[in-house]
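Enquirer: I have a structure here, written as structure tokens, and I will follow up with some questions on it.
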Amino acid sequence: MEKQEQQLALLMDFENLVIGLENNEPDVERPFAMDDIIRFLEQQYGRVVYRKAFADWSNSKFRKYGQDLMRSGVEMQHVVRVGYNAKSTADTFLVLQAMDCVLHYPAISMYVLVTGDADFLPLISRLKATGRKVVGLGTEGTIANTLIQNCDEYIYYGSDGLRLQAKTLVDKTPVINALRKILRSRDYSLPALAEQLTRLLPDFSPTAYGNHDLQDFLRSIAPFVRLVQGSDGLWA
């Protein structure tokens with residue numbers, strides 16, 4: 001598909017973006033420009049046909065960017081803070097909106113998620129399962145590494161503008177060697193294998209390798225490990 005034909009949805013956890021920018025650029029009164037983001041995305045990927053930002057717009061920290069967003073055709077959805085700690089519900093609304101777009105706008109083939117929050121990993125996996133490409137966008141110092149690894153691409157936004165983060169392929173060799181050692185003498189169910197693997201590699205996490213669980217990771221390293229369906233689940 002040609003870039004100019006590709007349709008994008010831009011969904012923004014706007015509070016996350018602004019807080020990250022203002023923390024990184026404390027001396028800049030308004031470090032954000034929406035048209036820079038739209039221009040970059042359309043030059044890099046295609047047409048941004050759906051644009052929505054989620055925030056508590058009663059807060060002046062976010063409301064001051066309202067005119068900039070409206071000039072760029074971004075719909076502003078108000079979200080409230082709930083609970084004892086006044087937690088923002090922006091992430092919940094963003095997830096619901098993404099799945100609504102998948103259902104009602106099948107021509108959208110790429111989703112740009114403006115966030116640095118690893119809580120969006122299940123959404124990223126779901127979008128990929130429907131055949132969509134997922135690009136993340138956020139500010140340095142506020143982004144979970146697992147989010148970068150799970151997005152198809154990631155864009156940093158800062159004082160020097162926007163730039164693509166080169167995807168770093170994480171070396172799976174140490175994990176493969178550990179699995180060979182564990183499976184040398186016997187087979188394991190996946191829960192038991194996960195326990196053994198954690199003993200050898202306490203920091204192991206499938207999401208660090210772009211996989212959403214151990215089963216997904218093991219399938220990604222076939223034929224080094226073979227999965228067999230048993231009466232009580234998968235075994236390796």
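No lab work stands behind these numbers, since they all come straight from the coordinates. Small disclaimer: the values here were computed from a predicted structure and weren't measured. Ideal geometry is used to build each Cβ from the backbone, glycine not excepted, and the neighbour counts take in all protein chains shown.
Enquirer: Any idea which of R39, R71, R51, R126 is surrounded by 19 or more Cβ atoms within 10 Å (Cβ to Cβ) and basic (K, R)?
Expert: Exactly one of R39, R71, R51, R126 is surrounded by 19 or more Cβ atoms within 10 Å (Cβ to Cβ) and basic (K, R), namely R51.
Enquirer: Identify all residues within the range 200-229 that are outside any loop (DSSP other than H, G, I, E, B) and surrounded by fewer than 11 Cβ atoms within 10 Å (Cβ to Cβ); write none if there are none.
Expert: Within the range 200-229, V228, Q229 qualify.
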